[in-house]
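Have a look at the structure below, then the notes.
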Amino acid sequence: MSMPTFHLAPDLAVSRLCFGQPAPQTTLLLSLSRGFLLTQRPCVEGTMTMGEQSRLPESLRLLDAAFDAGVNFFDSAEMYPVPQRSETHGRSEEFLGRWLRARRAPRDSVVLATKVAGPSGEMTWIRGGPASLDSRNIAEAIDGSYVPMFGETEYDPSHQYMSVPMEEQLLALGRAIDAGKIRYIGLSNETPYGLMKFLQLSRDSQLHSKILTVQNSYNLLCRNFDAGLAECCHHERINLLAYSPMAMGILSGKYYSSDDGGPPDARMNLFKGRYSEGESRYNLQNPKMKAAVKEYVKISAKHGISPAILAVAFVLRHPLVSSAVFGATEISQLTEVLQATRIHLSEEIVAEINEVHARYPNPCP
């Protein structure tokens, strides 16, 4: 299968699918070949479940299959896998490193993403629980802030973590670029204000050409990106790495296909009560979300494609999306997502999708 690619920069081509998922309250570091760093204030293949839901043998098989299919973009985080806990943190990065060593793929043929844990009030096992996303935490994470996200739609000043000047963050990233540890910078879980402020300050520090992407959620159930960030990205030539294109698997329809709440080994069931970030955004009891998902499943059935393919293909058709960041725990899931790169959604399908969206706008913000 030929995997379509997208040029984020003249010397940086990434697959339209990125294997990965974002980490809550982290700074996203993308290390592309010789280094590509994305920072996040407080189709890519995702390794978020590797080391918890997927053991090493299964993880290596998934990575092999994705790479053989043309996926060159892999996303991880120092706090992975999820649900996060002290006993497993860093295991996903370890699995990815083991795969790279065993695969012996040319280093410049693989784009790697990882993330620095920022302030969250949790994860005390990572550098004592970072109080801020300062230069020390960024530098230490590479070597060895609050914004509304994960379901929040309004800014609450009382939730603001200790503010770190963006100039300090950019200085730390600039040093990493000068040291050859990273090549580019991006943002994740960012607001229009945050994106524009970083771009403004980056001009003063000669880093403007190094900021390439923003990684935010975008899917059939969450199209908030289009309300404000899309305009900023369009005019500033910033591309979206769209994470959670299947809304943590909910858009597959598996949680609503029967009265028992879906397969017991599905992530939302397997980690029920242990994954607050996912459960707060994707509340399976939300009647509007359930109704919307059922409508999208009907659209996919009507046009002879699976709900998963419909969901991923919808994300990939967005003109500002460079890659869709997805996760998989089984080869069959990976195969299905890969098929979405070959699907063109007709105007009829898009019109039907938009009609559902008009009735149930962003039930999972």
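The values are calculated or read from the model by the stated rules, or taken from the named source; none is laboratory data. The structure displayed is predicted, hence computed values, not measured ones. All Cβ positions, glycine included, derive from the backbone under ideal geometry; neighbour counts span all protein chains shown. Ligands, DNA and RNA are excluded from the accessible area calculation, which covers all protein heavy atoms including side chains. Shrake-Rupley method; radii C 1.70, N 1.55, O 1.52, S 1.80 Å.
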inquiry  = Looking at 86, 132, 145, 158 in this structure, which one is out of contact with any Leu (no Cβ under 7 Å at 6 or more places or on another chain), modelled with pLDDT under 80 and part of a loop (DSSP other than H, G, I, E, B)?
reply    = 132
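Residues are listed down the side, and each one gets a yes or a no for (1) among the acidic types (Asp, Glu); (2) open to solvent by 10 Å² or more (accessible area, probe 1.4 Å); (3) within 17 Å of residue 319 (Cα to Cα):
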position	(1), (2), (3)
197	no, yes, no
205	no, yes, no
216	no, yes, yes
223	no, yes, yes
228	no, yes, yes
233	no, no, yes
244	no, no, no
task = Can you confirm whether the range 320-329 contains a residue that is among the β-branched types (Val, Ile, Thr), assigned to a loop (DSSP other than H, G, I, E, B) and surrounded by 15 or more Cβ atoms within 10 Å (Cβ to Cβ)?
result = yes
task = Tell me, please, whether a residue that is within 18 Å of residue 139 (Cα to Cα) and open to solvent by 60 Å² or more (accessible area, probe 1.4 Å) can be found in the range 179-189.
result = yes
task = Please find, among 206, 215, the residue that is within 17 Å of residue 116 (Cα to Cα) and of a type outside the set (A, V, I, L, M, F, W, C).
result = 215
remark   = Of the residues in the range 104-115, those that are charged (D, E, K, R) and either at positive phi or buried (at least 20 other Cβ atoms within 10 Å of the Cβ) (or both) number 2
request  = Examine the range 2-16 for a residue that is assigned to a strand (DSSP E or B), at pLDDT below 80, open to solvent by less than 10 Å² (accessible area, probe 1.4 Å) and on the phi < 0 side of the Ramachandran plot, and state whether such a residue exists.
outcome  = no
query = Assuming residue 237 fulfils every condition listed in (1) more than 17 Å from residue 294 (Cα to Cα); (2) surrounded by fewer than 18 Cβ atoms within 10 Å (Cβ to Cβ); (3) modelled with pLDDT under 90 apart from one, which condition is it?
reply = (3)
note = (1) modelled with pLDDT of 75 or more; (2) on the phi < 0 side of the Ramachandran plot; (3) not charged (D, E, K, R) all hold for residue 29 apart from (1)
Options 275, 255: the member that is at pLDDT 80 or above, of a type in the set (Phe, Trp, Tyr) and on the phi < 0 side of the Ramachandran plot = 255
inquiry  = Being open to solvent by less than 40 Å² (accessible area, probe 1.4 Å) and either part of a helix (DSSP H, G or I) or charged (D, E, K, R) (or both) is the requirement here; does residue 353 meet it?
reply    = yes
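Table: residues versus (1) under 21 Å from residue 333 (Cβ atoms); (2) open to solvent by less than 10 Å² (accessible area, probe 1.4 Å).
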{"site": "73", "(1), (2)": "yes, yes"}
{"site": "95", "(1), (2)": "yes, no"}
{"site": "102", "(1), (2)": "no, no"}
{"site": "117", "(1), (2)": "no, yes"}
{"site": "126", "(1), (2)": "no, yes"}
{"site": "134", "(1), (2)": "no, no"}
ask   = Any idea how many residues of the range 285-317 are in a loop (DSSP other than H, G, I, E, B) and either open to solvent by less than 40 Å² (accessible area, probe 1.4 Å) or under 27 Å from residue 215 (Cβ atoms) (or both)?
value = 4
task = Give the residue that is nearest to the chain's Cα centre (by Cα), with candidates limited to residues of the range 92-120 that are part of a loop (DSSP other than H, G, I, E, B) and closer than 19 Å to residue 14 by Cβ.
result = 110
